[in-house]
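Below is one structure, written out as C-alpha cells, with a few remarks after it.
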Amino acid sequence: DTHSSSTLINNFFQCWSEDQSATIKEIKSAGGAEVIDSLLRQVSKLKITVIGEPIVDTYVFSKPEAISSKSPSISARYLYQEDYAGGAIAIANHLADFVGEVTLVMTHGDEPWFKELLASKVDSRVQIEAIKIPETVTPRKTRFIADDKVQRLFELTNIKTDQWVLHSPDKFLLHIRRNTANTDCTIISDFGHGLIEGKVLEEVSNIKGFLALNVQTNSSNFGFNPFTKHKNYSYLSIDLKEARIAFQDNTSAHLPLAFKVHNYCKPINASMSMTLGPKGAYYLPAKAKNEIKSPAFTDGNIVDAVGAGDAFFALTSLLTKVNAPDIFVPFLGNVFAGLKTKIIGNKSAVSKLQLIKSVTSILK
C-alpha cells in the first residue's frame, strides 16, 4: 500500500498533544478541508478597509562580543539592518492574498525613507489612502538583534502621539467616511500610538456594518490603551495581557477572564477572541454560552513572535465576517499565526498557499 508522506508523519511521527488531536478530530468531523476551501472562497470576494497606524520595524543585526570596558553594557559588532513594514501595513499585506480588495487608511510623517519602504514593502494589491502629517514621525521601532539566535538585545522607539493635538483630523475623518461607506468589512488595528483618539475615535465608533477591532498594549502605551475605550465593533481580538489591563485583573484564570471580555461585548452583540500565545486562543461567538478553545499549532521552533497576534486577528476577522463554523475560527487563526512565527519580523506576509499546505498537512 502507498500512503502520502503527510499521513505517515501525522500517524506515526508527529507528536500532537491531546488538545491538538482533539481539535483536529473536531475539524475533520465538521467538514475539514472541504469547509475550509468554501470559507476561503467566500473570503476571496470581500472588500476590506484597514484603519490603523503604520509601524516600521527596523532590525539591526549584530554580534555581541563582550561587556564594555567603561560601563556595564553589552558591546556588539554591527552586521547589517533591515526595515520591515509592520503595524497596519502588515495586516493589509496579510489580507491582500485572501480578499478581493483591500484599502489601507493611515497617516504618516512623509519621510523619504518611509516613502521608499511603501514602494518596496507594501503588496501591490493594497490600495493606500494616506494623510501626510507635517512635523510628526512615522512610528518606528528599532530592535537590536543578536544575529545567530535572533534574540533582542535592546529596543529603541521613535513615536509621537500628539498628532491630533497639533493638527486637525478633519481630512483624515473624510478618508475614513469615504472608504468605509461601501466596504464589506472594516478592520481597525489600534496600536495606541495616537491615531485612534479624540474625534477619530468618535468617528470609528460610528462606522456602520461589520467592524473588526484589535486594541494593543505595548511598552509605549502600557495602561493607556484599553479596548474598553471603543464602543462599537462586531468582533474583538485581544491577548491575555490586554484583557487583564482593561479590567485591572491580574489574578483571574484564563477562562473566567475570557468570559469577562465576552460579557462586556454582549450589549453590542460582538464576538471575541482572547489569544494566549503558545497556549492557543479562546473564541466566543456573540451568542455563545460556551467557549471554543483551540491550541496553538507550531512545532515549537519559533523564529520571531512579532506580528503573530496581528496575523491571527487579520484572518479571524475575515472568518467571523463570513460566519465560519465556530471551531474553524481559532483553529485557522492559530495555524496562520504559527506560520507567522517562522518569519523574522514582518519581512513577508503569510500567503494563502502556505496556509492551505499547512492545514492539509495537519488534517492528513
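The values are calculated or read from the model by the stated rules, or taken from the named source; none is laboratory data. Just so we're clear, the structure is a prediction, and the values are computed from it rather than from any experiment. No Cβ is skipped: glycine too gets one built from the backbone with ideal geometry, and neighbour counts run over all protein chains shown. Side chains included, ligands, DNA and RNA excluded: accessible areas come from the protein's heavy atoms. Shrake-Rupley method; radii C 1.70, N 1.55, O 1.52, S 1.80 Å.
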Q. Checking Glu135 against (1) open to solvent by less than 10 Å² (accessible area, probe 1.4 Å); (2) over 18 Å from Asp310 (Cβ atoms), which test does it fail?
A. (1)
Q | Checklist (1) over 25 Å from Ile245 (Cβ atoms); (2) open to solvent by 20 Å² or more (accessible area, probe 1.4 Å); (3) in contact with a Ser or Thr (Cβ under 9 Å, 6 or more places away or on another chain) applied to Glu116, failing item | A | (3)
Q) Out of all the residues in the range 293-307, which are among the charged types (D, E, K, R), more than 18 Å from Cys15 (Cβ to Cβ) and open to solvent by 60 Å² or more (accessible area, probe 1.4 Å)? A) Lys293
Q | Ala96 within 30 Å of Leu166 (Cα to Cα) and not polar (S, T, N, Q) | A | no
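In the range 37-53, which residues are open to solvent by less than 20 Å² (accessible area, probe 1.4 Å) and either touching a Phe, Trp or Tyr at 6+ places or on another chain (Cβ under 8 Å) or not in a strand (DSSP E or B) (or both)?
Filtering the range 37-53 for residues open to solvent by less than 20 Å² (accessible area, probe 1.4 Å) gives 39-40, 43, 46, 48-53.
Across the range 37-53, the qualifying residues are Leu39, Leu40, Val43, Leu46, Gly52, Glu53.
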Q.
Looking only at the range 308-317, filter to residues that are touching a residue at least 40 places away in the same chain (Cβ under 8 Å) and not hydroxyl-bearing (Ser, Thr, Tyr); which one of those is most open to solvent (accessible area, probe 1.4 Å)?
A. Gly309
Q: Working only within the range 82-130, note down all residues that are among the hydrophobic types (A, V, I, L, M, F, W, C), under 17 Å from Asp190 (Cα atoms) and assigned to a strand (DSSP E or B).
A: Ala85, Leu104, Val105, Met106, Ala130
**Q.** the range 145-160 residues that are closer than 25 Å to His108 by Cβ and assigned to a strand (DSSP E or B), paired with ones that are open to solvent by less than 60 Å² (accessible area, probe 1.4 Å) and of a type in the set (S, T, N, Q) (beta carbon under 6 Å, 6 or more apart)
**A.** Leu156/Thr142; Thr157/Ser220
Q. Residues of the range 318-358 being open to solvent by less than 10 Å² (accessible area, probe 1.4 Å), part of a helix (DSSP H, G or I) and touching a Gly at 6+ places or on another chain (Cβ under 9 Å), which ones?
A. Leu319, Phe328, Pro330, Lys340
Q: Look at the range 174-200 and say how many of its residues are crowded, with 16+ Cβ neighbours inside 10 Å and in a helix (DSSP H, G or I).
A: 5
Q: Might you let me know whether the range 272-279 holds any residue that is touching a residue at least 40 places away in the same chain (Cβ under 8 Å) and out of contact with any His (no Cβ under 9 Å at 6 or more places or on another chain)?
A: yes
